[in-house]
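Data block below; observations after.
The values are calculated or read from the model by the stated rules, or taken from the named source; none is laboratory data. Here the structure is a predicted model, which is why all the values come from computation and not from measurement. All Cβ positions, even for glycine, are placed from backbone atoms using ideal geometry, and neighbour counts span all protein chains on display.
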Ligand code: SF4
């Protein structure tokens, strides 16, 4: 089994919503293309007259609703997901005829919505979410690059390995499966968070303090999204005209204090709040994707506000959650276009369950069982967002994912540790097989399921 060398800061990325694969990935790909065309010789770009962008697979099917065209323009303008202003980003292409300029050396190449082509139907590229970017001369292609947006904002260029931190570096505790991870822990008498932290230090070249500071920043972005969402009322962008629910739910939870229901209502409100911010295109953190960016913020906000866990406990919980995200990404996929929603919200729930179990001080067997149970009860879950907007079922699904994470943690910690019949590695294998069997119609194309059943939208 090959070694996991993904950094936690690749898994948890800050950027504008609503979709990591359809917004963050394309923005990064377009930005990468901008760098590449600027590395060409002056003579090569002399005749450059246009940039053409072709979007395939689910990028073409639901890219409009996910803001893929705006993301491409933003990347070509030199904007990055973590640095871009969400308000300026939302304003891109507000006028479909707006002309933007791509800076190539000292030339300014015009680009408009007409240069971005949503290519419908089947294709032969190896990944569903494929982008082809071309720098065009007067009558020929000067340079072209094929990109794959493989989920969670990760991109891959044709012919190259998945972009990841430092592929040539061997972490001190290599693992590719949970079995191998547990063997490392046991051989070196280390806790789960200690193994992940030690590997992260080598993968990123950062020290322990720097990593902790960046984890604190991740929580800061997550919890800011929760707090904004709890206060933001009104309608979400797009034709569905979906009303935000989080502020009302939060008020309900406060009014219920002391009532047993209040705990779940708080958790629902926190998860909905972050998820509604994602749907509004505001800044969120992929966890592991933007579509699933309500689960971990919701769970961790609960741990901070209700359990009063301190920073260090939350940091170790995020490291445990990252371990589960890495395992799914490495051995199946976190992309809705490949696995359906079990790859997104299912993975987020498993990460949340692991975080809860680890923060509560349970041994690795319980952490593993919690993650396994969470995935097991998301198996087969389709991705069929109405109109291609990350709103229905996505927003409530995040709240459901958080509640399932909590219940998976409760079930796992109820005394049967080590007796789980299905291992995390096995359920991830089942997820992969189920995702491969799943019809393309249910993988972020909005061609079936709920996407076709709405009577109101
Ligand atoms: S249904 Fe799930 S996988 Fe699909 S866009 Fe919504 S959150 Fe993402």
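Go through (1) buried (at least 22 other Cβ atoms within 10 Å of the Cβ); (2) assigned by TED's automatic domain parsing to the domain that holds residue 153 and name the single condition residue 13 misses.
Answer for residue 13: the failing condition is (2).
Quick test for you: out of 351, 342, 381, pick the one residue that is assigned by TED's automatic domain parsing to the domain that holds residue 243, assigned to a helix (DSSP H, G or I) and near the ligand (Cβ under 10 Å from one of its atoms). Full working, then the answer.
Values: 351 fails: near the ligand (Cβ under 10 Å from one of its atoms); 381 fails: assigned to a helix (DSSP H, G or I).
After ruling out the rest, the residue left standing is 342.
Which number in (1) modelled with pLDDT of 95 or more; (2) surrounded by fewer than 19 Cβ atoms within 10 Å (Cβ to Cβ) marks the one condition that residue 257 misses?
Result: residue 257 fails condition (1) only.
Could we say that residue 414 is away from the ligand (no atom under 16 Å from the Cβ) and surrounded by fewer than 24 Cβ atoms within 10 Å (Cβ to Cβ) here? Even if it seems obvious, please write down each step before you answer.
Details: away from the ligand (no atom under 16 Å from the Cβ): yes; surrounded by fewer than 24 Cβ atoms within 10 Å (Cβ to Cβ): yes.
Against the criterion (away from the ligand (no atom under 16 Å from the Cβ) and surrounded by fewer than 24 Cβ atoms within 10 Å (Cβ to Cβ)), residue 414 qualifies.
If residue 259 satisfies all but one of (1) assigned to a helix (DSSP H, G or I); (2) out of contact with any helix residue (DSSP H, G or I) (no Cβ under 8 Å at 6 or more places or on another chain), what's the number of the condition it fails?
Among (1) assigned to a helix (DSSP H, G or I); (2) out of contact with any helix residue (DSSP H, G or I) (no Cβ under 8 Å at 6 or more places or on another chain), residue 259 violates only (1).
So for region 394-409 (the condition being part of a loop (DSSP other than H, G, I, E, B), surrounded by fewer than 24 Cβ atoms within 10 Å (Cβ to Cβ) and in contact (Cβ under 8 Å) with a residue 60 or more places away in the chain), does at least one residue qualify? Step through it out loud before you land on a result.
If we filter region 394-409 for residues that are part of a loop (DSSP other than H, G, I, E, B), which is where we start, we get none.
Checked region 394-409: no residue is part of a loop (DSSP other than H, G, I, E, B), surrounded by fewer than 24 Cβ atoms within 10 Å (Cβ to Cβ) and in contact (Cβ under 8 Å) with a residue 60 or more places away in the chain.
Being in contact (Cβ under 8 Å) with a residue 40 or more places away in the chain and either crowded, with 19+ Cβ neighbours inside 10 Å or in contact with a helix residue (DSSP H, G or I) (Cβ under 8 Å, 6 or more places away or on another chain) (or both) is the filter here, so list the residues in region 91-116 that pass it. Can you show your working first?
Restricting attention to region 91-116, the residues satisfying the condition of being in contact (Cβ under 8 Å) with a residue 40 or more places away in the chain are 102-105, 107, 109-111, 113, 115-116.
Residues satisfying the conditions are 102, 103, 104, 105, 107, 109, 111, 113, 115, 116.
What about residue 253, is it in the same structural domain as residue 348 (by TED's automatic domain parsing) and assigned to a helix (DSSP H, G or I)? Walk me through how you get there before you give the answer.
Numbers: in the same structural domain as residue 348 (by TED's automatic domain parsing): yes; assigned to a helix (DSSP H, G or I): yes.
The answer is yes for residue 253.
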